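The structure under discussion appears below in the form of structure tokens.
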Amino acid sequence: MSRRARRNIARTAALALVAVSLLLTGSATSAAADGPAATLSAKGWWSQLPVAPPNASKGQLVVQGNPADKSGTAYSAVRYTVDASHTVQSLTLKVGTNGDQGGATAVLLACQTGSAWTPADGGPISAAPKVTSKCINGQRATDGNSWTFAIGSLQLDTVVDVAIVPGADA
């Protein structure tokens, strides 16, 4: 398969992502009794299309590439508030049933958001958060059931605010 064909397949990947989780590290003095280290405060996804992909359920996140548009057709964002004594190490997203449409050729990025945003479930792309150029490549699990992003460098103070966007095969 040619490099261009792999890139186009990667760009057309459609993923329904569920069960967002963060891996956190904290200081030795933090205690479990202090409460959760991170709280999901917002999530959403936005699309250029008027309807959700058939494999996406309400409450899931959607990322969908488009060879004709480097921004893709749909992307998602999550915002976590993090306890001041903790630093985020990674973000793991589980893939929903039939969500791994791009398979091993898909490319996903976690990028800092560059604007305020309001949660949405299939909102118009015009309302989606802007995405900065500070991005981390995602790592797809060998079984295709999850993606992990080493987003420690994307945390700002006590907030992790990232968009999950389709990427291009280098």
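The values are calculated or read from the model by the stated rules, or taken from the named source; none is laboratory data. This one's a predicted model, so the numbers in the text were calculated from it and none came from an experiment. Please note: Cβ atoms are built from the backbone with ideal geometry, for glycine as well, and neighbour counts cover all protein chains shown. Heavy atoms of the whole protein, side chains included, go into the accessibility calculation; ligands, DNA and RNA do not. Shrake-Rupley method; radii C 1.70, N 1.55, O 1.52, S 1.80 Å.
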>> Please determine whether any residue of region 153-162 is acidic (Asp, Glu) and farther than 17 Å from Trp45 by Cβ.
In response: yes
Within region 97-156, residues over 14 Å from Ser76 (Cα atoms) and of a type in the set (D, E, K, R) come out as Asp100, Lys134, Arg140, Asp143
Requiring at least 3 residues that are open to solvent by less than 40 Å² (accessible area, probe 1.4 Å), the strands (runs of 3 or more DSSP E) wholly within region 65-170 are 74-82, 86-95, 108-113, 146-149, 159-166
Considering region 45-64, residues that are part of a loop (DSSP other than H, G, I, E, B) and surrounded by 22 or more Cβ atoms within 10 Å (Cβ to Cβ), and then whichever is modelled with the lowest pLDDT, we arrive at Ala56
Expected output for region 125-144 (first residue more than 22 Å from Gly96 (Cα to Cα), partner in a helix (DSSP H, G or I) and of a type in the set (S, T, N, Q), Cβ below 9 Å, 6+ apart or cross-chain) is Lys134/Ser153
Those residues of region 76-106 which are under 15 Å from Gly59 (Cβ atoms) and at pLDDT 85 or above amount to Ser76, Ala77, Val78, Leu93, Lys94, Val95
Conditions (1) in contact with a Ser or Thr (Cβ under 7 Å, 6 or more places away or on another chain); (2) modelled with pLDDT of 55 or more; (3) open to solvent by less than 50 Å² (accessible area, probe 1.4 Å) -> Ala42 fails only (1)
